[in-house]
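Below you'll find the structure, written out as structure tokens, and then a few comments.
The values are calculated or read from the model by the stated rules, or taken from the named source; none is laboratory data. Since this is a predicted model, take the numbers as computed values, not measurements. Neighbour counts are summed over all protein chains in view; Cβ atoms, including those assigned to glycine, are modelled from backbone coordinates with ideal geometry. For accessibility, only protein heavy atoms count, side chains too; no ligands or nucleic acids. Shrake-Rupley method; radii C 1.70, N 1.55, O 1.52, S 1.80 Å.
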Amino acid sequence: AMLDPDSGLSLTIARIVQRLKGSSLHSQLERQARVSLHKPEIKLESLKEDIKDFLKTSGWEKKLQNAVYSELNVFPSPCHPAAPAEHMKEPLAYMRKAQGSWEKRILKSLNSMCTELSVPLAQKRPVNEQKELLNKWNEMGTDEPDLSLFRPVYAPKDFLEVLMNLRNPNYENGEQPSFRNHLGLIQVPLKVKDIPELKEDFSELGLNIGQLGIDDSAQVPPEFFENEHVRVGQKVLAEQDSAAAQQYVRQGCPTALRADLWALILNISNQPEDILYYEQLKSNVIQHDLLVDSLIYKDVKLTASNDDYYFVFEDYLYQVLLCFSRDTSVLEHFTYSSATPPKSYIRGKLGMEEYAVFYPPNVNYNSFILSVAPLCFLYHEPSKLYQIFREMYVRFFFRLHSISSHPSGIVSLCLLFETLLQTHLPQLFYHLREIGAQPLRISFKWMVRAFSGYLATDQLLLLWDRILGYNSLEILAVLAAAVFAFRAVNLMEVTSLAAAE
């Protein structure tokens, strides 16, 4: 149910005010306003206006704007007041149900691993172990524990199987001819954009607009585009305006400015309280040993240690992921994610709610590690690296691991990819389908990892510029289809899935 614009707006305002009330920004603003009372230019008779002017000139108003903008980017627009809460998470009942059973399956896999290996989900580390871990915090990669018995909780192909089996129960009987001619693996009718709509949405990627990473290459004298683009970028940074930064990075970020621009878009400033929060997470890692630690450890060993680019960041990866697995603030994103945080019960108290604990929400496979690794090129300060990753996760990456109807969700991305390919390269699509090489079987792992591990880092960061710039993951599906278009001539010659790969 759509709201009329006015009440929708007032609901949004009320929600943002509510969310900012508890933030450190709110207390800082109050403190600044109080300090300003002692300034000579602030007169009692025009108090309200003078304080407003002071906050404007001293840069606090900008900070408030950025915080509001950040809320608007992350939280969905409010539903109708009468709509049940789960609608904000996911409006389609069959999607909610599928996500629920997928979560059960993951938890079951975790619990059976606990039983097999007779390790608890969580336990306190003995003091000597705590000391040891603290001492080697910055060089955890040197450890070689035997993790041969731990297995990944699931692989991308298991997840793809689940998505292929999704069905909308209302469609089963009423044959809808229009949708039935979708010959891809995804069989749910979601609205995805066609080329004209994508062209309009991604207008800054038009051929007549300069792009960093292309137009600064050798054929064009680089100073034409690049110098100007860098100049504008420095101006955007000086203004400290999140919305302007987001618009700017749609044409790509100059390498030297990227770390600061992304932090501005994600509204991350690495305040003392943020650093303190990170230290608390770290001490939680040191005190408690979770089953998920071994899984993270194994994944990093399998993924990063074998990667020519990323192995140097191995220690950073442990730090960020171990802290992330204990971060309860991440639970907030479950208000707008179709997923629900997994619960576990203290031994012997199964089903008794007061003994339920949220087991770390971040049970995953190595796509996670690959989504932290590229950020290590930009941020070298662990607490800042941590915050940037967490923000990227709650804005974007969680959508690649949960079943939902959101346009940036993995189901929509798969459908968008297949639709683009089937519409624009029908012969290629039929050919690959006939030889048992459904294109999605190849591109799924690219999209689920946001291409990390598949593109060289400089290219990957240019792609992620666009994810941030458009606040959407749809570009992943477009790129995946473009790769097939680019290789279409060769792909028409292949006769097997392995050859297509």
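Brief remarks follow.
- Once the Cα-Cα distance is subtracted from the 0.36 nm per residue extended length, the LYS21 to VAL35 segment shows a gain of 3.1 nm.
- Set of aspartates and glutamates near LYS199 by C-alpha distance (under 20 Å), chain-local residues within fewer than 8 positions excluded: ASP215, GLU418, ASP465, GLU474
- Annotation: per residue accessible area for the stretch 5-74 equals 67 Å², rounded to a whole number [probe 1.4 Å, protein chains only].
- The stretch 71-146 - Rg (one decimal) and Dmax (whole number), Cα, Å: 21.0, 55
- Set of aspartates and glutamates with alpha-carbon distance to LYS21 below 15 Å, sequence-local pairs under 8 removed: GLU30, GLU71
- Between the C-alpha center of the stretch 365-432 and that of the stretch 10-33 there is a gap of 31 Å.
- Bridging of LYS39 to lysines at a Cα separation below 24 Å is possible for LYS48, LYS52, LYS56, LYS62, LYS63, once same-chain residues fewer than 8 apart are set aside.
- Listed residue pairs exceeding 20 Å between alpha carbons, taken from LYS104/LYS157; LYS89/LYS298; LYS131/LYS282; LYS124/LYS301; LYS97/LYS445: LYS89/LYS298; LYS124/LYS301; LYS97/LYS445
- Rg ratio (alpha-carbon, reference 2.2 N^0.38 Å) - the stretch 5-74: 1.27
- In this structure, the amide hydrogen of HIS288, modeled 1.01 Å from its nitrogen in the peptide plane, lies closer than 5 angstrom to those of ARG125, counting only residues at least 5 positions away or on a different chain.
- Relative to the globular-protein estimate of 2.2 N^0.38 Å, the Cα radius of gyration of the chain stands at 1.05.
- Summing charges over neighbours of SER24, with a neighbour being any other residue whose Cβ is under 12 Å away from its Cβ, gives 0 when K and R count +1 and D and E count -1.
- Cβ-based net charge around LYS136, under 12 Å, with every Lys or Arg adding one and every Asp or Glu removing one: -4
- Protection proxy ranking for 373-380, 229-236, using the average of other Cβ atoms within 10 Å per residue and placing the highest first: 373-380, 229-236.
- Here the Karplus curve 6.51 cos²θ - 1.76 cosθ + 1.60, taken at θ = phi - 60°, turns the phi angles of the stretch 112-121 into couplings of 6, 5, 4, 5, 4, 8, 6, 10, x, 4 Hz, with x standing for Gly and Pro.
- In terms of the mean number of neighbouring beta-carbon atoms within 10 Å, the peptides 441-447, 475-481, 26-32 order highest first as 475-481, 441-447, 26-32.
- Length gained on full extension, LYS124 to TYR309: 63.1 nm, using 0.36 nm per residue less the C-alpha separation.
- Ordering of 152-159, 296-303 by packing is 296-303, 152-159, highest average first (other Cβ atoms within 10 Å, averaged per residue).
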